[in-house]
Amino acid sequence: MNAAFAANVYAADVYVRDIQVNGLQRVENETVLSYLDIDKSKVVSEDKMDESLKQLYSTGLFEDVSFNVTPDGLLVINVVENPLIGERVFDGNDKVDSSMLESEVQSAPRTMYNKAKVQEDVRRILEVYKRNGRYATAVEPKIIKREQNRVDLVFEIEEGPAASIDKVNFIGNTHYSADDLQAEIMSKESRWYRIFSSSENYDADKTNYDKELLRRFYLKHGYADFRVVSAVGELSPDKTSFVLTYVLDEGPRYEIADVKIVSELDGVNTEELKEVLLFEPGDVYNADLVEKSVYEITEALGKKGFAFVDVEPEFERNAAEGKMTLTFKVKEGARVFVDKINITGNTRTDDEVIRREFRLDEGDAFNASKLRASRRNVENLDYFSKVDIQTVPSSTGNKADVNVKVEEKSTGYFNVGVGYSTVNGALVRTGVTENNFQGRGQQLGFDIGVSQRAQDYNISFTEPYFLGRRLSAGIDLFHTSEDYQDEGSYDTKSSGGRLRLGWKYTDDLSQYFRYTLRQDEIDNVDNDASVYIKAEEGEYTGSIFGQTLVYDKRDSAINPKDGYYLSFGADVAGAGGDEKFYKFDAKAYKYFTIADYYTFKLFANGGYIAGFGDKDVRLSNRYYLGGYNMRGFEYAGIGARDRFTDDALGGNWMVYTGAEMSFPIGLDELGVKGRTFVDVGMLGKPDNIDPAIVEYSSSPRVATGVGVTWQSPMGNIDIDLAFPVVKEDYDETEVFRLNFGTRL
């Protein structure tokens, strides 16, 4: 663009008799005059001339403007109009939809072409690609001239590769390994098996969210002073990869020395309120439990008629000793009611799916604790990449609106798995799961697994809010076939369906009910098989009611380091069908970590099954020890065995217990950890066996050994060397055990 003044015509104030505009094609003469700060038949200052010229340029209508004042006072304005944009085209954008780019750029069809605006559009397009992890993108705007001063605008785009994350570094993490922290954040190092995931693509917003995830993780594990000093993403010179570096200040780990509740409200028994707290002196500080305790105190006071309360935790830290005194201060809150809950951003998810996670309803007394609990519940759905909740005063008196803004993310997963184990041989598994089916919060899954030993097919559907209550309900359809030729000279098939109901009494205590109807078949029985196996050849129908009660206090369900897990299951078969039995199962796990890296696991599993009426317990329902659940022995290597055919016959009760310690072996960067263990197992005899035919002993078997776990690019690889130290002569042992596989 060019602006010109006839400086030799005027160097100071000039008299303007009239104004003439030349070069207009589409712009009206009156439009030009409206932008001038110049009056006819008056003396005009040089400043006003300059200001008028700038105003004309700022319209974006003209490519060139010049002023010239003739000796007789005529102001001549010569303009060259910017061309009109005919078509606007994006070329080369395979990874980003044109509709997304159209919403960003300002240069639109039937508007004036403006170079400055086009350059701003280029910047906006590049920002879109950066948000999609493509930092090597190049955009070149080009124009194609048409008749009547028109142009077509083409944005030629070279998208380039997505900028993956080559490496994630953590500095200052003395209590948790890089692998532990990598598991907590969204940004993942680039691996070939993450081809269906965007976690390995760099995103500045994701990095900021990682800081929050790290903060939550450390606060949950006692590090109240933790902070992320910096989080920096360094782009490689070729703009195709990033190295992320998180600098951490962990601070000391705090133990709760004392807990107090101080109330400013009359009639509040603070000792009674202590009963609802989720921790006690001597426990490690946990920010999640503190927040939940605030909620529980608020709920307890609400039931006593205190609708407007504010519970604020205060912390008195002794960093030198790692001790903390926690005081909950209870005072009267502002008398504000919730007017409306407004939800935006959920283009796919139904409003009701979000609203049912709220602990506040429209018309309720406003409570900050319940609002925080609501935010946590919505985030835990894992349907949204961002959840923003704001309260704003309502136009109606002492009321407030709650504005909820969410950003949806993909909730469907395609999984492919490959693996190998010494029990099942080579394995291939694939499936599709949708955790927010049709935006209703329902879960739908389909899964297929094929190995050298077994094949299984499963379809499942779960409704998390059955009948509008916090009651999960689901259905499963399945078919499984397994090869037991090596262990028992027969094959099995099982087909059927299952109905499920689940209820969470608290965040830790859950109960699940189920009804299973299935048809089992024992076939392909070898001519030389045990007489007990031949006697069971054929098809059998099972109609089974069951329940499992679970109490889970682990710090993590995926990689537990502290806490415990308890479960008790009971099943009854006999309401129709051929099977008639009672079955009871119990599990207990205890985890604790010392010196930050050495994690101990104590475990005990037990089960008992017994037939009733005239029915014995069949092969497919019995317990087997060895392989997965007793290292040092082959699958079904322990227990009753036919003396003549060597076929395993299982047992009617089982105990499997032991201890395991995992520890670093200097290969944390490669995701390798070591372990040592002791396994102890006992298996009871099956029904009605003849000692002359069957060898049997319920005495304990013991094995000890060492192993490693490698979180490899192929998934987890587990290698164990286990040595039986107490066994029977007829047991089938297995020193080496290998299992590897991955799920994407």
- Rounded to whole Hz and in sequence order, give me ³J(HN,Hα) for region 698-708 from the Karplus expression 6.51 cos²θ - 1.76 cosθ + 1.60, θ = phi - 60°, writing x for Gly and Pro. 8, 5, x, 10, 10, 9, 9, x, 9, x, 9
- For Ala610 and Lys142 in one chain, what is 0.36 nm times their gap in residues minus the Cα-Cα distance, to one decimal in nm? 160.4 nm
- Query: Helix 204-220: angle to the longest alpha-carbon principal axis of the chain, degrees 0 to 90, nearest 10?
  - Reply: 40
- Item | Selection from Gly577, Ala529, Val243 lying farthest towards where the dipole of the chain points positive, charges on Cβ | Val243
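Counting pairs of alpha carbon atoms under 8 Å apart in space and at least six apart in sequence, what relative contact order in percent does the chain give?
6
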- Note on the structure: With R₀ set to 25 angstrom, the calculated FRET efficiency between the beta-carbons of Gln25 and Asp94, to the nearest 0.05, is 0.05
- Query: Toward the positive end of the charge dipole of the chain, about the Cα centre and with charges on Cβ (Lys, Arg +1; Asp, Glu -1), which of Thr411, Val432, Thr645 goes farthest?
  - Reply: Thr411
- With 0.36 nm assigned to each residue of separation and the Cα-Cα distance removed, Glu127 to Phe545 gains 144.8 nm
- Cβ-Cβ cut-off under 10 Å around Phe328, Lys and Arg +1, Asp and Glu -1: the net charge is +1
- Query: Each label point is 7 Å from the Cα along the Cα-to-Cβ direction; what then is the distance between the points at Glu264 and Asp687, in nm?
  - Reply: 7.0
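Going down the list Lys211/Lys561; Lys323/Lys601; Lys142/Lys167; Lys260/Lys370; Lys48/Lys130; Lys206/Lys561, which pairs span over 32 Å between their C-alpha atoms?
Table pairs above 32 Å Cα-Cα are Lys142/Lys167; Lys48/Lys130.
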- State, to one decimal in nm, how far the label point of Val708 lies from the label point of Ala535, with both points 7 Å from Cα in the Cβ direction. 4.9
- Task: Show the residues, 5+ positions off or on another chain, whose built amide H is closer than 5 Å to the amide H of Val44.
- Result: Val14, Tyr15, Val16
- Query: Near the amide H of Lys323, under 5 Å away, which other amide H atoms are found, from residues 5 or more places off or on another chain, if H is placed in the peptide plane?
  - Reply: Glu255, Asn318
- Item | Gap separating the Cα centres of region 453-482 and region 378-393, nearest whole Å | 29
- chymotrypsin sites (Phe, Trp or Tyr not before Pro) restricted to DSSP loop in region 473-532 with at most 14 other C-beta within 10 Å: Tyr505
- Computed ³J(HN,Hα) along region 442-450: with the Karplus parameters 6.51/-1.76/1.60, θ = phi - 60°, integer Hz and x for glycine or proline, the list is 8, 10, 10, x, 9, 9, 10, x, 10
- With axes computed from alpha carbons, what is the tilt in degrees of helix 115-131 against the longest principal axis of the chain, rounded to the nearest 10 within 0 to 90? 10
- With +1 on the Cβ of every Lys and Arg and -1 on the Cβ of every Asp and Glu, the dipole magnitude of the chain about its Cα centre, in debye rounded to the nearest 20, is 1120
- Task: Using just the helices of the chain, give the 222 nm mean residue ellipticity in deg cm²/dmol: DSSP H runs with n ≥ 4 each add -39,500 (n - 2.57), and the total is spread over all residues, rounded to 500.
- Result: -4000 deg cm²/dmol
- Separation in nanometres of the label points that stand 7 Å from Cα toward Cβ, at Ala659 and Leu499: 4.7
- Message: Based on alpha-carbon centroids, what's the gap between region 523-566 and region 89-143 in Å, whole number please?
- Response: 58
- Summed residue charge, Cβ within 14 Å of Leu61's Cβ, Lys/Arg positive, Asp/Glu negative: 0
- Item | Which labelled figure in (i) 12, 34, 30, 15, 6, 2, 0; (ii) 15, 46, 32, 6, 0; (iii) 15, 39, 30, 14, 2, 0 is P(r) over Cα pairs in 20 Å bins from 0, in percent, once derived from the coordinates | (i)
- Item | Rounded to 5, the percent of DSSP beta bridges in the chain classed as antiparallel | 85
- Query: With θ set to phi - 60° and the Karplus curve 6.51 cos²θ - 1.76 cosθ + 1.60, what are the ³J(HN,Hα) couplings of region 363-372 in order, to the nearest whole Hz, using x for Gly and Pro?
  - Reply: x, 6, 5, 5, 9, 5, 5, 5, 5, 5
- Note on the structure: Ordered by number, the trypsin sites (Lys or Arg not before Pro) in region 21-66 that occupy a DSSP loop and have at most 15 other Cβ atoms within 10 Å are Arg26, Lys40
- Quick one: which residues, 5+ away or cross-chain, put their amide H under 5 Å from the amide H of Gly705? H built at 1.01 Å from N. Phe677, Phe723
- How high is the FRET efficiency from Tyr564 to Thr111, r the C-beta distance, R0 60 Å, rounded to 0.05? 0.35
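Determine, from the Cβ-Cβ distance of Ser698 and Glu434 and an R0 of 56 Å, the FRET efficiency 1/(1 + (r/R0)^6), rounded to the nearest 0.05. Before the final figure, lay out the partial values.
Working: r = 47 Å, r/R0 = 0.83.
The pair Ser698/Glu434 has a calculated efficiency of 0.75.
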- Message: Probe radius 1.4 Å, ligands and nucleic acids left out: which of Ser374, Ser697 has the largest accessible area, and how do the rest follow?
- Response: Ser697, Ser374
- Inter-part gap, Cα centre of region 585-603 to Cα centre of region 635-677, in whole angstrom, is 17
- Note on the structure: With Cα coordinates, the longest principal axis of the chain makes an angle with the long axis of helix 287-303, in degrees rounded to 10, of 90
- Hey, if you put +1 on the Cβ of every Lys and Arg and -1 on every Asp and Glu Cβ in the chain, which of Asn173, Gln148, Ile448 ends up farthest toward the positive end of that dipole? Gln148
- Message: So if each residue of separation counts as 0.36 nm, and I subtract the Cα-Cα distance between Leu602 and Gln455, what length gain in nm does that give?
- Response: 49.7 nm
- Cβ-based net charge around Gly172, under 9 Å, with every Lys or Arg adding one and every Asp or Glu removing one: -2
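The values are calculated or read from the model by the stated rules, or taken from the named source; none is laboratory data. Bear in mind the structure is a predicted one, so any value in this text is a computation, not a measurement. Here the Cβ is made from the backbone with ideal geometry for all residues, glycine too, and neighbour counts use every protein chain on show. Each accessible area value is taken on the protein alone, full model and side chains, heavy atoms only, with ligands, DNA and RNA left out. Shrake-Rupley method; radii C 1.70, N 1.55, O 1.52, S 1.80 Å.
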